[in-house]
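Quick note: the coordinates plus some simple rules give every number you see, no bench work behind them. The model shown is predicted, which means the values in this text are computed figures rather than measured ones. Here the Cβ positions follow ideal geometry from the backbone for every residue, glycine too, while neighbour counts run over all protein chains shown.
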Amino acid sequence: MRELTFVEAAREGLAEEMARDGRVFVVGEGIGARGGNFNTTLGLYELYGEERLRDTPISERGFTTLCTGAAATGSRPIVDFMFIDFLTDAFGDLFNQTAKLQWMSNGRLKMPIVLRGCIGVAPQFGAHHSGNYYPFFVHIPGFRVVVPTTPADAKGLLKTAIRCDDPVLFLEHKALLNLKGPVPDGEYLIPFGQATVARQGQHVTVVGIAYMVKEALRAAEQLAAEGISVEVIDPRTLAPLDMDTILASVHKTGRLLIVDEDYAPCGMAAEIAMQVMERGFDDLDAPVQRLNGAFIPAPYSDAFAPGLVPDAASIAAAIRQLLAE
Amino acid sequence: MAFKVTMPRLGWSMEVGTLAGWLKRDGDPVQAGEALFTVEGDKALQEVEALESGILRIPPDAPTPGQQLPVGALLAYIVQPGEPAPFEVAPSAQTAPESGHQQPAQLEGPASESVAGVPSERNRLPSISPRARRVASELGVEWRWLKGSGRSGRIVERDVRLAAERQAVPRVSPLARRLAGELGVDVAELAAQQPGKRVQRADVEAAARQPTREAPVGVVGIAGQVLPVSDIRRLIAQRMVESAHSTAAVTLTTDADASQLVALREQLKATLEPRGRLVPGYTEMLVRLTGLALQEHPLLNAFWANDEIIVADAIHIGVAVDTEAGLLAPVVRDVPHKSLEEIARELEALVEKARARRLAPEEMQGGTFTLTNLGMYGVDAFTPIINAPQSAILGVGRIFSRPWVRNGEVVACPIVALSLTFDHRVVDGGPAARFLNTVREFVEQPYLWLTR
Amino acid sequence: MDPALKEVWLALLRTMLMIRRCEEQLVKFYAAGAIRGGCHTYIGQEAVAAGVCAHLRPDDVVFSTHRGHGHALAKGVTPHELMAELLGKATGCSGGRGGSMHLFKPEVGFMGSSGIVGPCITLAAGGGYTARLLKTDRVSVAFFGDGAVNNGAFHEGLNMAAAWQLPVIFVCENNLYATEVPFVKATRNPSVASRGQAYGLPGLEVDGNDVVAVYQAAGEAVRRARAGDGPTLLECRTYRIRAHSEGMREVGYRTPDEVNAWKARCPITLFEQRLLQDGVADQLEIERIEAEVGAIIADAARFAEESPKPDPATVADHLYSQTGFHHA
């Protein structure tokens, strides 16, 4: 099977969807002739021109709401924020218009809009370019939230997102963009709400969010040498969230660790842990544990890097501790 | 059709408003837009305009200025010239005035919950994970005796599964289990020490005699062995302290000439033994004569409860019995109505049960007075502790030959010390002493029993 | 006014009367406690909605603001649906879900009013974007008040619409107050129309109480948009006669004299006088229209009162459109 980077695979998916449906267009800063800061639209401007690859002024609130209006009136916009941190200017209209128009109009208005951007802490990007923010969208009724971790998943999930008539947050972790991975030939879509078991195991379940899946897999590899068998689950979408797969794993292992780079309070780990409590209490042999990023804005100096976010070593330590519980 | 003038909502969260006054009178013509009435606002009166033109008609039973009304409450009507007001028409044609105001449902107070008593140390169960509990129930493992390998001592799945493997045969006999509870022995530990072998009484008793290494908290620098405290010991300790702290205990002692009593016993022995009949001992004799004495001094057969003195109707005498496990006091019920032989027989049975630890709870409850005989230990006078909630206890010492003055001469005479502890809240020294005198009288002159 | 357009003028009158009588009925419902929350009446501003929407087709789209009853009715929402919605009934245009500020009828191109000030401007720009992308001659209209022109959405929306030559008409109803804050206190530039220049699009100031003037200015803006010549900003100077929202005070921040002066300029009265003066219609025709509208409004009120409430079990319907997902 051919190998593509995460960005290449997602771009391939975008290109296929733009060719398939003339109503799909992309809006964002520098996504036109330049092809996007992260090469998300490289080569598409030459094919489709400025009507469908629209460079915007720095007006995140404005163009997000413009695209909301466009989606409501029959086209299928993709808003490419570059860094998801920039999306925060549009929170107001996202929560009150984008999320609610379908429901408020009793389903007569659709909202086929994709909101994509890079998330996550990467070395020295600083406080304004390291955000995750997904709990906000998981929390508000109306949104879909997608966090792929492999190139194959990125392509399949982006295609589904573009064809979906609901507003979709498509969040790509910076540290994954250049990772290579196998991508199937031919047309395929991945439905929302379907987690994968990235690694099978017996002793403990680890759910990773976005890039943390990779670090959890590294930790699992280390621990295998110590005779500890770790099962790693990649939810792939946070809304809808595949709790059945997670619960089946907890039923098998009895112990659960959730690793999320985003802040602990009211985060995905809290949500998953609560749902496991509600539906899988009698399967737990120990309290559910979580490992999160430090509860501070992302600092710049590399002196601050150790301990800022979970990594394979801290995940392995947490697993050993969980097994002793 | 008549237009209804209602209390308007003058603010998003307004639910009630106070009508301040009318600016028009019943029968006045009004124009839409004219000020019609005023409502009390936060800072000033607010004028409310008419929304229709016509004639204002205010019903005779309309709300009056100063009244607080819910939003939507009917105030008046605006009718067209010539049109009758709804309240001037026959009732069947009227529409009921709207209130638009619901009474909030009566909220029920929270059901009062009784607070569960805090379990004693003995009753607290070890912690166990939900998964382990489920597996234990599936495999039929009794997890309460297990030691947990989880951090903080939690019982986890592996502990239960391990236990299930070893649990082919019951590992602890029921008797050993009960004894272990009483003597404070960790039966799970014992079982673990002898895997596969059943833990029995002997094991538990042996373990109970073993010293443990921990020094008691608060006792510094004293080397010694720590004895485990049984349930009974604990209960005794608790009740003794309770009695000591709640009663106003005073002890009176006297010596009684027991020669007649001794003679009586010998006579009974000589007559009954050859016939194979039960020979009453001194304790049952004392029970009998105490019962008779209590009949004449009912205040010693009473209870202090909630600032009241309750004199018991019947006389049930508890008799202190020393057992391996500790002091027990089985009760002989209804003493005055029983013969000496009946009392003897009953007491014999009770004492045997007590020693065999087979007394039923009801056999130890309900006593109105207690007798405690330390004579066999060579004790004379002593200060028995009242068996709460009773108000008196009679201690009996040894029957022992001592120098005694009789008719001015010193003779050797069997003497018995009688010690009465009584609760001064219930009875004073005088009446208590009189009771003791009666007891002494019955000891010294047993033939008096025949007349009671 | 051109007598040859008599049908157009009478239609405008009918629309304005429909709005006026409907609003008056809603005021009564509100006073009786049957409507809760916001109820921002359009009384006094009828000429703007009527004059602009007269040029719109059902497939043109309108995005409105909290004071949206007039736009809804002018675009094709029936008084029955409007009143039922404010009474929270299932037969309301939003199924009882929205109330006064969240009105929807996409079937006639009324794409929603909003309780938040500002987004309708950028949403309408999006409607224009779709029209262009799909190569139609549809136009998109945003109705908003003077309070919205100082919001970032105004800046960003007008800028993008001009930069990308979108077929949008931005209609500002400047009624001189944002709730109770005078417009002249909120900005140092008291002209909304002049702001168009900053974005490179034409800005026109119109007497918002003169339905003929509004009709003519709007007609030109719609024509431009349909021809692909880009957006226009219309500032319609008008006045709301009643309080910002029902139940709030009408004076205190403005004087009774000011209110009365504008009452004397009632757009309906002025238009009726002009129709008679110019001989375009006679008193009988006008009264016939009044009676017709009156009957419709009375019927709408009855319909709204008699309609059932929505089924609570449906409250979560339409949160998402895709139901084929695993675990959705």
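Brief remarks follow.
- For region C:3-8, 3J(HN,Hα) per residue [Karplus equation, 6.51 cos²θ - 1.76 cosθ + 1.60, θ = phi - 60°, Hz, x = Gly/Pro]: x, 5, 9, 3, 4, 4
- Backbone amide hydrogens, once placed in the peptide plane, bring C:Gly208 within less than 5 Å of C:Arg237, C:Thr238, excluding anything fewer than 5 places away on its chain.
- Entries of A:Lys174/A:Lys252; C:Lys28/C:Lys105; C:Lys75/C:Lys135; A:Lys100/A:Lys159; B:Lys4/C:Lys89; A:Lys159/A:Lys214 with Cα pairs more than 26 Å apart: A:Lys174/A:Lys252
- For chain B, calculated [θ]222 nm from helices alone, where every DSSP H run of n ≥ 4 adds -39500 (n - 2.57): -8500 deg cm²/dmol
- Distance from the C-alpha centroid of region B:325-346 to that of region A:1-54: 102 Å, rounded to the whole angstrom.
- Other protein chain C-beta atoms within 10 Å of residue C-beta, averaged over A:281-289: 5.
- A cut-off of 5 Å between modelled amide H atoms, ignoring neighbours fewer than 5 places along the same chain, links B:Val199 with B:Val172, B:Ser173.
- Simple rule: put +1 on each Lys or Arg Cβ and -1 on each Asp or Glu Cβ in chain C, find the dipole, and look at C:Val222, C:Leu86, C:Ser64; the Cα lying farthest toward the positive end is C:Ser64.
- Overall form of chain C per C-alpha gyration tensor (a/c, 1.5; a/b vs b/c): rounded
- Counting only DSSP beta bridges whose two residues both lie in the protein assembly as shown, roughly 50 percent are antiparallel.
- Averaged over residues, the count of other Cβ atoms within 10 Å places the peptides C:144-150, B:311-317 in the sequence C:144-150, B:311-317, highest first.
- Size of electric dipole in the protein assembly as shown: Cβ of Lys, Arg +1 and of Asp, Glu -1, about Cα centre, debye, nearest 20: 2900
- Chain C: calculated mean residue ellipticity at 222 nm from DSSP helix runs of at least 4, using -39500 (n - 2.57): -13500 deg cm²/dmol
- Rounded to the nearest 20 debye, the dipole magnitude of chain B is 2940 debye, with +1 charges on Lys and Arg beta carbons, -1 on Asp and Glu beta carbons, and the Cα centre as origin.
- Taking the longest Cα principal axis of chain A as reference, the axis of helix A:312-324 is set at about 40 degrees.
- Protection proxy ranking, highest mean first, for peptides C:278-284, B:348-354: B:348-354, C:278-284, where packing is the per-residue count of other beta-carbon atoms within 10 Å, averaged.
- Here region A:196-324 was treated as a single set of alpha-carbon atoms; its pair distances binned every 10 Å from 0 give 13, 48, 31, 7, 0 percent.
- Cβ-Cβ FRET estimate between B:Arg151 and A:Gln200, R0 fixed at 30 Å, reported to 0.05: 0.70
- Shape call, region A:3-182: gyration tensor on alpha carbons, a/c limit 1.5: rounded
- Partner chain coverage, peptide A:80-88 - average Cβ within 10 angstrom: 0
- Summarising the amide proton neighbourhood of C:Val141: residues at separation of 5 or more, or on other chains, whose placed amide H is nearer than 5 Å comprise C:Val61, C:Val62, C:Phe63, C:Ile169.
- Hydrodynamic estimate: the Kirkwood radius of chain A over Cα pairs, inserted into Stokes-Einstein at 37 °C and 0.692 mPa s, corresponds to D of 163 µm²/s.
- Among A:160-169, A:131-140, B:64-73, the order from most to least packed when residues are scored by Cβ within 10 Å on average: A:160-169, A:131-140, B:64-73
- Shape of the protein assembly as shown, Cα gyration tensor, a/c cut at 1.5: oblate
- For region B:392-452 versus region A:77-108, the gap between their alpha-carbon centres in whole angstrom: 100
- The mean count of C-beta atoms from other chains within 10 Å of the C-beta of residues in C:25-37, rounded to a whole number, is 5.
- By other beta-carbon atoms within 10 Å, ranking A:Asp93, C:Asp299 with the fewest at the front produces C:Asp299, A:Asp93.
- In Hz, Karplus ³J(HN,Hα) per residue of region B:293-299 (6.51, -1.76, 1.60; θ = phi - 60°; x = Gly, Pro): 5, 5, 4, 8, 10, x, 5
- Helix B:231-246 axis versus longest C-alpha principal axis of chain B: approximately 80°, rounded to the nearest ten.
- Take the Cα of C:Arg302, step 7 Å toward its Cβ, do the same at A:Asp55, and the gap between the two points is 6.4 nm.
- Approximating the spin labels as points 7 Å out from Cα along Cα→Cβ, the B:Thr323-to-C:Ser321 distance works out to 8.3 nm.
- Model label points for B:Val311 and B:Gln200, set 7 angstrom from Cα along the Cα-to-Cβ axis, are 5.7 nm apart.
- q = 0.18, 0.25 Å⁻¹, region B:3-93: log10 I(q)/I(0) [Debye, one scatterer per Cα]: -0.78, -1.35
- Charge dipole of region A:40-179 about the Cα centre (unit charges at C-beta), most positive-ward option of A:Leu115, A:Gly156, A:Ile84: A:Gly156
- Listed values for region C:192-197 are Karplus-derived 3J(HN,Hα) couplings in whole Hz (6.51 cos²θ - 1.76 cosθ + 1.60, θ = phi - 60°), namely 6, 4, 5, 6, x, 4, and x replaces Gly and Pro.
- Computed helical MRE - 222 nm, chain A, DSSP H runs ≥ 4 contributing -39500 (n - 2.57), nearest 500: -10000 deg cm²/dmol
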